[in-house]
Amino acid sequence: MKGKVFIAGGGTGGHFYPAVSVAEKLKENGYSVYYFGTENGIEGKKKFPAEKVFLYDIKGVRGRSFKGKIVSSLKLLKTALSIRSIIKREDPEFVITFGGYASLPLGLSALLTGKDLYIHEQNSVPSYTNLLLSKFAKKVFITFDHSRRYFPAEKTVLTGFPLRKDIIEDKELGKERARDILGVDSERKTVLVFGGSQGAKKLTETALKVAGRMKDVQFIIIAGKGYTDTSNNENVKIYRYYDRMGVLYSAADLVVSRAGAGSVWEIVYYGKPAIFVPYPYAASDHQFYNVRWLEEKGEAEIIRDDQLDDELLYKKIREYLDKNSQGNIKKYSIIDTAEKILKEIENDRL
Ligand SMILES: CC(=O)N[C@H]1[C@@H](OP(=O)(O)OP(=O)(O)OC[C@H]2O[C@@H](n3ccc(=O)[nH]c3=O)[C@H](O)[C@@H]2O)O[C@H](CO)[C@@H](O)[C@@H]1O
């Protein structure tokens, strides 16, 4: 049995799932994993594959009032101090964090205790947490080659985005079987619409309007929590959240989605034609830069959020479906990322 590894990455699915993927790999390789996250994030609802899970009442600092910023910062610091005691007691071999405020306390406590810290950046433009932690980390693993310039060259390694196991495995399903699982028509053209792990109201509402006018096509829409569909469209299947995203990707001929890093790399892995509508308020517009390179290569379409309406979306979906495009983006897929990250860490520690 190898030693313990402490992992943090949560708040939203975009930080949580890559952490899940690397945790699965660590466990397969005999490590014991301890996970650190937030009470209010996705990790409060989904089980993380760890021996022990520690959840804290912490929130991000960005976008808060001055007073809110002070309160959040103090909580983050207090959490870092309590994790420091856990590190001293449990003595993990090393620490891995996956960006976002949910990773900050564990990252800081690694620094305070002198534990080896490794970080993974999912996005094209890094989060403040990773920019800070990269100064002390032993290695920085990146998803996009163009984000290299933000980090110290000598410790930065391109590994790609760690996809979770079920996403990798469900690719074997194929269109027919996936549509059968979902109980949708096996012949009809199918469009999957989703707004990342939290849903996107505007995208959902626009897609519902398009679906109302495009009866020859069926739509699978993930609307996010709290959404109630009142449209009664016969050609729409709507979910608040769907755990096996691979089934939905497999069933789709075209994906319309926000451009969170996880969504982008899963769509690339499934090689699906895609129309991206980047979330306009993402820090440093990172969702736009997550997909601009694909658009520049002519491999995907971007619609800016302020231009999104049912007229434009209708036209773009029709164009794609009429072209019968099979998508050509699979070739950009980087596989075995979790394995690469583990190998890099083990070599670094020899
Ligand atoms: C609003 C915001 O700031 N979003 C950020 C957040 O996005 P968000 O949390 O939406 O994350 P991503 O787009 O990266 O990934 C979404 C993940 O949720 C999963 N999923 C989604 C819906 C569902 O019903 N079932 C399901 O399993 C997908 O398979 C995917 O693994 O983290 C990403 C990675 O740091 C960033 O790029 C995004 O900008």
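The values are calculated or read from the model by the stated rules, or taken from the named source; none is laboratory data. As the structure is a computational prediction, the values presented were derived from the model and not from experiment. FYI the Cβ positions are ideal-geometry reconstructions off the backbone, even for glycines, and counts take in every protein chain you see. Keep in mind that these areas ignore ligands, DNA and RNA; they rest on the heavy atoms of the full protein, side chains included. Shrake-Rupley method; radii C 1.70, N 1.55, O 1.52, S 1.80 Å.
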- Query: Taking region 251-265 on its own, how many of its residues are open to solvent by 10 Å² or more (accessible area, probe 1.4 Å) and more than 12 Å from the ligand (Cβ to nearest atom)?
  - Reply: 1
- Message: List pairs: first residue in region 234-246 and in contact (Cβ under 8 Å) with a residue 40 or more places away in the chain and more than 15 Å from residue 200 (Cβ to Cβ), second residue assigned to a helix (DSSP H, G or I) and open to solvent by 50 Å² or more (accessible area, probe 1.4 Å) anywhere in the structure, Cβ distance under 8 angstrom, at least six positions apart or on different chains.
- Response: 246/168; 246/169
- Query: What helices (runs of 4 or more DSSP H) completely inside region 94-208 contain at least 1 residues that are buried (at least 23 other Cβ atoms within 10 Å of the Cβ) and more than 16 Å from the ligand (Cβ to nearest atom)?
  - Reply: 104-113
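Let's see how each residue does on (1) modelled with pLDDT under 95; (2) not assigned by TED's automatic domain parsing to the domain that holds residue 209:
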residue	(1), (2)
257	no, no
274	no, no
280	no, no
292	no, no
298	yes, no
304	no, no
310	no, no
339	no, yes
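Every residue in region 266-286 that is open to solvent by 20 Å² or more (accessible area, probe 1.4 Å) and under 15 Å from residue 127 (Cα atoms), please.
Here is the first cut: in region 266-286, the residues open to solvent by 20 Å² or more (accessible area, probe 1.4 Å) are 269, 272, 279-281, 283-286.
Passing the criteria: 281, 283, 284, 285, 286.
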- Query: Could you say whether any residue in region 233-249 is within 15 Å of the ligand (Cβ to nearest atom), open to solvent by 10 Å² or more (accessible area, probe 1.4 Å) and part of a helix (DSSP H, G or I)?
  - Reply: yes
- Item | Selection within region 129-161 - aromatic (Phe, Trp, Tyr) and under 18 Å from residue 19 (Cα atoms) | 141, 144, 161
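Tell me yes or no: at least one residue of region 22-38 is among the aromatic types (Phe, Trp, Tyr), touching a Ser or Thr at 6+ places or on another chain (Cβ under 6 Å) and surrounded by fewer than 24 Cβ atoms within 10 Å (Cβ to Cβ). Give the derivation first.
Step one: filter region 22-38 for residues among the aromatic types (Phe, Trp, Tyr), giving 31, 34-36.
When the remaining residues are screened for being touching a Ser or Thr at 6+ places or on another chain (Cβ under 6 Å), the result is none.
No: zero hits.
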